[in-house]
Structures are given as structure tokens and as C-alpha cells.
1. Just to be sure I understand the model, the point goes 7 Å from the Cα along the line to the Cβ. What's the resulting V21 to T162 distance in nm?
2. Fully extended, how many nm does the chain gain between K183 and W102 (0.36 nm per residue separation, minus their Cα-Cα distance)?
3. Pairs to check: K147/K269; K16/K46; K16/K96; K17/K75; K147/K183; K16/K75. Give those whose C-alpha atoms are more than 20 Å from each other in this structure.
4. Using the Kirkwood formula on the Cα atoms of region 18-97, what hydrodynamic radius do you get, in angstrom to one decimal?
5. So what does W102 come to for accessible area, using a 1.4 Å probe and Å² rounded to 10?
6. Please list, short to long, the whole-number percent of alpha-carbon pairs of region 69-166 in consecutive 10 angstrom bins beginning at zero.
7. Working only with C-alpha atoms, what are the Rg and Dmax values of region 8-149, expressed in angstrom?
8. Let me cross-check Y119: its accessible surface, 1.4 Å probe, with only protein heavy atoms counted, in Å² to the nearest 10?
Amino acid sequence: MIDTKRRKEIKSGMKKKCIGVVRSAQELAMDIYDLWIETELAADAKPGQFVGVFTSGDSTLLPRPISICEVDKEKTAIRIVYRVVGKGTREFSHYKAGRRVWLLGVLGNGYPLEKAEGYVLLLGGGIGIPPLVELAKQLRECNPQMKITAAVGYRSNDLFLTEELSQYADVLVASEDGSVGTKGNVMDAIKENNITPDIIYSCGPMMMLKAIKNYAEELNIPAYISLEERMACGVGACLGCVCKTTHKDHHSHVNNARICTDGPVFEAKEVEI
């Protein structure tokens, strides 16, 4: 339960709450949907950041955090891709073009594109794949000659976003059941293809990120991981999404970081997962 003081902090932090309009909506795979939303937030959106999407009911105080998948060329709309996991995301899956929706954003720090050099490897698992699309796009725009590989993992052959990623990177696919690509996860795919990158950017479930952290340490290369975590307020007020770090947080004065504001992207060596 969020106390009165925390509610005031959340309210004061919502300086970027605005209305967006749904441009298009579709189902990409089983329980995976996307929305293109026209919003002023697109002008400032960076790869790896996210938005809070509010439901229409008054019974839900807090928005659902969803990563930004793409930004249109004119920077007037964002694309979000999400999995239906509860009442809120189920509501979003029924939205149609023209629907007005309240958004909070843009939130989080995003990926450090300026660190990219040499051979870049993007790793995504499940619903951690969407933020890699805008990341790959902007990396390609920054350096058309850059070598980029995206290894993405799915449960089965019900794929999504591989066509978008293939416009900007060489794509490797892994599936848990072996129905497409490498049988296993993204780590199995990169080992099968003898991938040795100079830097890694990733997003996905915690077990995958732990394996990536270990892999990067073995190669002695930088890895930037976006932590998937259940969030409440999204603005750092509730302290509901913290992770252990190697440095002290100025807010809590302990070795913690708030994923929603200090992250969601961290250099792997800086966090304990």
C-alpha cells in the first residue's frame, strides 16, 4: 500500500502525463500486441526507455510500464509491443485506432549508443525483444557500416519483430522447443554461431541477463542490460523496483538502485543479479 506521502511524490513526478491517440493496433503473435500511439513524448524518446500506460478504470491508480519498441520517422508517434498478462494489458489489446489514452513518460535512462563500437551484439528474450528494434535502427543510422547481430529467443515458432530487426541487423533465432532456429536460448545461439562481440546490449528475463553478465565477464567486454522488473509508480517514489548495485543510491543511501529511474539499463558489472 502506498502511503499519503508517497502518493504526493508520485503525483508531483507526473509532469509528463499527457494524452496520446492510437494510430493503429494489431496482434503480432499469441498474446503479443502492438500499438502505434501519436504522442508528444515521441520527440524525446530514446532506445531502452519506456512509458507508463494508464487504464481507463478509476480502480487502477498506477500505469502499466511498457518499453518503447519504435519511434516513427517524424518523431510524432511511438510503438509499444506488450504481452497480455493481466487486466490492464487485456484492456489495451482491445484498443482501436482513434482511441485516446493517457501516458506517462518518457521514463528511464535508455541504452548508451555512444558506447557502441566494433562488433555489436543485441540479445533479447521474449517481451525483452521490442526495445532492441529502435536500438538497432538508431545504431544503424549512426554507423551504416557497423556490424550488428541480433540474437532473439522465443518459446516456440510464434515469432514477432524478426522482420523489423532484420532491416538493421543480422538476426539469429533461438526457440525453447527447437521448432525454429537454435534449440535453446540466445546464449545457445551465439555459441552455435561462434559469435564474439565487442559490446552487448540486451533485454529479457532475469535468468538470461545473469547468463549474459557472466558471458561478458568471461570475454572482458562491456554489456548493458535492461532489467525487466515489475514496477509500481514508475517515477522512483515507491522504491518497489530496486536492485543491488556496487554504488550507493543518493535516495536510499544504500547499495540499491531504482530500476525505473536509475535504469532500466545498467552496465552488467554494476549490478548484482
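1. Inter-label distance under the simple model: 3.6 nm.
2. Working it through step by step, the gained length comes to 25.1 nm.
3. In this structure, K147/K269; K16/K96; K147/K183 exceed 20 Å between Cα atoms.
4. 12.8
5. W102 has an accessible surface of roughly 120 Å² with all protein chains in place.
6. Calculated over all Cα pairs of region 69-166, the distribution is 12, 41, 34, 12, 1 percent.
7. Reported Rg and Dmax, both Å: 15.5, 50.
8. Around 30 Å² of this residue is reachable by solvent.
The values are calculated or read from the model by the stated rules, or taken from the named source; none is laboratory data. No experiment lies behind these values; they were computed from the predicted model shown. Counting neighbours? That spans all protein chains shown, and the Cβs are built from the backbone with ideal geometry, glycine included. These accessible areas exclude ligands, DNA and RNA; they are computed on the full protein's heavy atoms, side chains included. Shrake-Rupley method; radii C 1.70, N 1.55, O 1.52, S 1.80 Å.
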